[in-house]
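The values are calculated or read from the model by the stated rules, or taken from the named source; none is laboratory data. Note that the coordinates shown come from a computational prediction; the quantities given were computed from them, not determined experimentally. Glycine gets a Cβ as well: all are built from the backbone with ideal geometry, and neighbour counts include every protein chain shown. Keep in mind that these areas ignore ligands, DNA and RNA; they rest on the heavy atoms of the full protein, side chains included. Shrake-Rupley method; radii C 1.70, N 1.55, O 1.52, S 1.80 Å.
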Amino acid sequence: MSKAGVLVAQPLEFGSIEAILGCVAAGVGITLLPKGIVAGGLADGQVAVHELPRNLPKVQTVFIRRTDAYVSSALSAFLQIVRPEAELHLAAE
């Protein structure tokens with residue numbers, strides 16, 4: 001954000017998307033979220049959406065989980081699918 005001239009004094013962290021949207025609606029701050037997540041707040045007139053230039057919306061997304069959590073067969077299959085794709089994209093950068 002500093003490239004755009006926006007300085008953040010202290011980032012805030014919340015436990016839910018609803019809390020983030022509530023703070024934005026209350027004027028506490030701003031956020032970057034997928035457009036579909038804010039559809040309700042946008043329809044209610046609680047928040048404004050600003051489109052970003054095409055070169056800015058690309059961000060690295062990560063999948064995280066507890067290191068000691070049970071790995072189900074579904075999760076294992078998911079990881080087998082996404083790991084090769086992620087490695088291809090990382091190698092291309």
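Scanning segment 48-58 finds no residues that are in a loop (DSSP other than H, G, I, E, B) and over 19 Å from the mean Cα position of the chain (by Cα). Checking each residue in segment 57-84 for being open to solvent by less than 100 Å² (accessible area, probe 1.4 Å) and either within 24 Å of Gly36 (Cα to Cα) or of a type in the set (Phe, Trp, Tyr) (or both) picks out Pro57, Phe78, Val82. The condition of being in a loop (DSSP other than H, G, I, E, B), within 18 Å of Val24 (Cβ to Cβ) and open to solvent by less than 100 Å² (accessible area, probe 1.4 Å) does not hold for Leu42. For beta carbons closer than 7 Å, sequence separation of 6+ or different chains, a first residue in segment 29-45 that is over 12 Å from Ile17 (Cβ atoms) and a second that is open to solvent by 50 Å² or more (accessible area, probe 1.4 Å) and among the β-branched types (Val, Ile, Thr), the qualifying pairs are Lys35/Val49; Leu42/Val49.
I need a count of the residues in segment 1-32 that are open to solvent by 50 Å² or more (accessible area, probe 1.4 Å), modelled with pLDDT of 80 or more and among the aliphatic types (A, V, I, L, M).
Matching residues across segment 1-32 total 6.
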